[in-house]
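Down below is the structure, laid out as structure tokens.
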Amino acid sequence: MTRLYLGVGSNIERERYITAGLDALQGLFGELALSSVYDGAAVGFHGQPFLNLVVGVDTALGVGELARRLRHIEVEHGRPANATRFSSRQLDIDILTYGADTGVIDGVELPRGEILENAFVLCPLAELAPQEIHPVEGRSYSELWRAYDRASQPLKKVAFQWRGRQV
């Protein structure tokens with residue numbers, strides 16, 4: 001089994017689609033480790049603010065099959081198959097890390113570059129896996145978050161309930 005981290009976000013009917021995404025991920029993987037949920041501005045385009053969190057799971061799926069299944073979940077929950085990267089979306093699920101794998105594997109960049117670029121990825125990842133080491137940078141996610149320019153992309157932790165528990 002490989003530990004991986006997924007970024008989950010939505011800026012259309014945010015609570016509904018984050019809940020639906022977590023339900024689908026639980027159906028695929030079983031138990032989910034969850035960060036808090038954060039509210040932040042759209043990055044790279046003008047759009048409504050996003051809710052984002054990071055999910056940790058263990059899987060035996062390979063990267064290619066994992067990417068196909070995650071894409072299917074996104075499309076099942078209203079994301080157009082031809083959606084562009086910088087656009088509003090009901091549900092966005094990105095593979096952030098897959099164990100310590102690096103490089104492009106089955107068309108997926110590992111680790112995802114956005115970890116180092118965007119607060120909405122690094123902050124919840126540092127919360128969920130503070131001592132885990134970025135496989136390229138060689139520093140922990142908590143170290144990377146401490147060094148991040150937080151003023152560039154402000155985030156606000158929000159109260160979020162999923163299956164009767166506070167996330």
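The values are calculated or read from the model by the stated rules, or taken from the named source; none is laboratory data. Remember, it's a predicted structure, so these values are computed and weren't measured experimentally. FYI the Cβ positions are ideal-geometry reconstructions off the backbone, even for glycines, and counts take in every protein chain you see.
Restricting the stretch 133-158 to residues that are in contact (Cβ under 8 Å) with a residue 40 or more places away in the chain and assigned to a loop (DSSP other than H, G, I, E, B), which is nearest to residue 97 (Cα to Cα)?
Our first condition is that a residue be in contact (Cβ under 8 Å) with a residue 40 or more places away in the chain; within the stretch 133-158, this holds for 153-158.
Within this subset, residues satisfying the condition of being assigned to a loop (DSSP other than H, G, I, E, B) are 153-154.
Working: 153: 22, 154: 23 Å.
That would be 153.
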Residue 112: among the charged types (D, E, K, R), assigned to a loop (DSSP other than H, G, I, E, B) and either at pLDDT below 95 or in contact with a Ser or Thr (Cβ under 6 Å, 6 or more places away or on another chain) (or both), yes or no? no
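Please find, among 78, 30, the residue that is surrounded by 16 or more Cβ atoms within 10 Å (Cβ to Cβ), at positive phi and out of contact with any Asp or Glu (no Cβ under 8 Å at 6 or more places or on another chain). First the steps, then the outcome.
Values: 30 fails: surrounded by 16 or more Cβ atoms within 10 Å (Cβ to Cβ).
78 is the lone residue from the list that is surrounded by 16 or more Cβ atoms within 10 Å (Cβ to Cβ), at positive phi and out of contact with any Asp or Glu (no Cβ under 8 Å at 6 or more places or on another chain).
Out of the stretch 36-55, which residues are assigned to a loop (DSSP other than H, G, I, E, B), among the aliphatic types (A, V, I, L, M) and touching a helix residue (DSSP H, G or I) at 6+ places or on another chain (Cβ under 8 Å)?
Here is the first cut: in the stretch 36-55, the residues assigned to a loop (DSSP other than H, G, I, E, B) are 36, 41-49.
Of the ones still in play, those that are also among the aliphatic types (A, V, I, L, M) are 41-43.
Correct list: 43 only.
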Report yes if some residue within the stretch 90-108 is in contact (Cβ under 8 Å) with a residue 60 or more places away in the chain, buried (at least 17 other Cβ atoms within 10 Å of the Cβ) and assigned to a loop (DSSP other than H, G, I, E, B); otherwise report no. yes
Among all residue pairs at least 6 apart or on different chains, which show Cβ distances below 9 Å where the first residue, located in the stretch 54-66, is closer than 22 Å to residue 121 by Cα and the second is part of a helix (DSSP H, G or I) and of a type in the set (D, E, K, R)? 54/127
Near pairs, Cβ below 7 angstrom, 6+ apart or cross-chain, from the stretch 9-36 (more than 24 Å from residue 47 (Cβ to Cβ)) to any residue that is assigned to a helix (DSSP H, G or I): 28/69; 32/22; 32/25; 32/26; 33/128
Which of the residues spanning the stretch 67-86 are closer than 22 Å to residue 121 by Cα and in a helix (DSSP H, G or I)? 67, 68, 69, 70, 71, 72, 73, 74, 75
Can you pull out every residue in the stretch 33-55 that is surrounded by 15 or more Cβ atoms within 10 Å (Cβ to Cβ), modelled with pLDDT of 95 or more, within 22 Å of residue 110 (Cα to Cα) and not hydroxyl-bearing (Ser, Thr, Tyr)? 34, 52, 53, 54, 55
In the stretch 109-125, the residues that are touching a residue at least 40 places away in the same chain (Cβ under 8 Å) and buried (at least 19 other Cβ atoms within 10 Å of the Cβ): 110, 112, 118, 119, 120, 121, 123, 124, 125
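Residues of the stretch 9-35 being part of a strand (DSSP E or B) and farther than 13 Å from residue 89 by Cα, which ones? Before the answer, list the steps.
First, pick out the residues of the stretch 9-35 that are part of a strand (DSSP E or B): 9-10, 33-34.
Listed by number, the residues that qualify are 33, 34.
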Exactly one condition in (1) surrounded by fewer than 14 Cβ atoms within 10 Å (Cβ to Cβ); (2) part of a loop (DSSP other than H, G, I, E, B); (3) in contact with a strand residue (DSSP E or B) (Cβ under 9 Å, 6 or more places away or on another chain) is not met by residue 58; state its number. (2)
